[in-house]
Amino acid sequence: WAHHMFTSGMDPVLRVPFMIASMVIAVPTGVKIFSWLATMWEGKLHLTTAMLFSMGFIALFVIGGLSGVMLAAVPFDIHVHDTYFVVAHLHYVLFGGSVMAIYSGVYYWFPKMFGRKLNEFWGVTQFVLNFIAFNLTFMPMHWLGMMGMPRRYATYDAFFTEANQLASIGAFLLGVSVLPLLINMVIAWIQATRETNAGDNPWRGKTLEWM
């Protein structure tokens with residue numbers, strides 16, 4: 001927690017052990033990521049919507065993790081503290097590392113809950129729109145933060161206009177990207193009241209819930 005307090009007036013001597021501890025977090029995180037990649041390695045992958053969101057989750061989570069290691073370094077953290085760089089890092093970890101995985105789970109387990117698979121066309125449409133819009137929203141914020149734009153400000157220097165406009169466009173598209181999922185779920189739910197098409201194991205999964 002103390003890597004959030006490098007600029008708070010804490011004893012400079014304490015900065016070093018907290019910097020090291022924060023960087024060491026990358027080790028178990030790296031183990032997790034390589035475990036996920038090893039699970040896919042030489043596997044018979046089917047690029048369904050659920051798998052695309054899972055792969056997107058790993059990619060975005062890695063970017064968030066790398067910027068987290070940067071923020072653990074005292075000199076860099078002091079430079080970008082309370083700037084848009086922190087906003088970008090937070091969202092790559094929490095949105096990229098949580099929401100993308102939740103979307104994957106929704107598409108994967110929807111047949112188990114309702115007996116009908118979600119439409120893959122709408123699913124892939126949502127993934128592509130979501131992935132592009134997310135990066136359009138938050139990638140420019142890394143640059144904004146490094147150039148000194150603070151977060152939680154309603155107005156900003158004209159120098160930052162173009163990057164903020166890109167982020168705003170991305171944010172609107174990110175909101176729109178939810179619509180294909182909602183349309184998909186409503187259609188599938190209505191159809192599931194008449195007939196089911198999923199079967200007991202549509203993904204040919206070997207984990208307990210599909211057996």
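Per-structure values
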| quantity | calculated |
| --- | --- |
| Matching entry among Ala73, Ala167, Ala154 (being over 15 Å from Ala50 (Cα atoms), of a type in the set (A, V, I, L, M) and modelled with pLDDT under 90) | Ala154 |
| Looking only at the stretch 81-139, and only at residues there that are of a type in the set (Gly, Ala, Ser) and farther than 20 Å from Leu182 by Cα, the one that is nearest to the chain's Cα centre (by Cα) | Gly97 |
| Checking Thr39 against (1) polar (S, T, N, Q); (2) over 30 Å from Leu118 (Cβ atoms); (3) part of a helix (DSSP H, G or I), the condition it does not meet | (2) |
| The stretch 152-201, residues that are of a type in the set (A, V, I, L, M), surrounded by 14 or more Cβ atoms within 10 Å (Cβ to Cβ) and within 21 Å of the chain's Cα centre (by Cα) | Ala163, Leu166, Ala167, Ala171, Leu173, Leu174, Leu181 |
| Among the residues listed as Ala167, Ala171, Ala133, the single one being part of a helix (DSSP H, G or I), touching a Pro at 6+ places or on another chain (Cβ under 6 Å) and under 24 Å from Tyr92 (Cα atoms) | Ala167 |
| Top-ranked residue in the stretch 77-128 [being farther than 21 Å from Ala171 by Cβ and of a type in the set (D, E, K, R); ranked as most open to solvent (accessible area, probe 1.4 Å)] | Lys112 |
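The values are calculated or read from the model by the stated rules, or taken from the named source; none is laboratory data. Note that the coordinates shown come from a computational prediction; the quantities given were computed from them, not determined experimentally. Neighbour counts are summed over all protein chains in view; Cβ atoms, including those assigned to glycine, are modelled from backbone coordinates with ideal geometry. Surface accessibility is based on the protein's heavy atoms, side chains included, excluding ligands, DNA and RNA. Shrake-Rupley method; radii C 1.70, N 1.55, O 1.52, S 1.80 Å.
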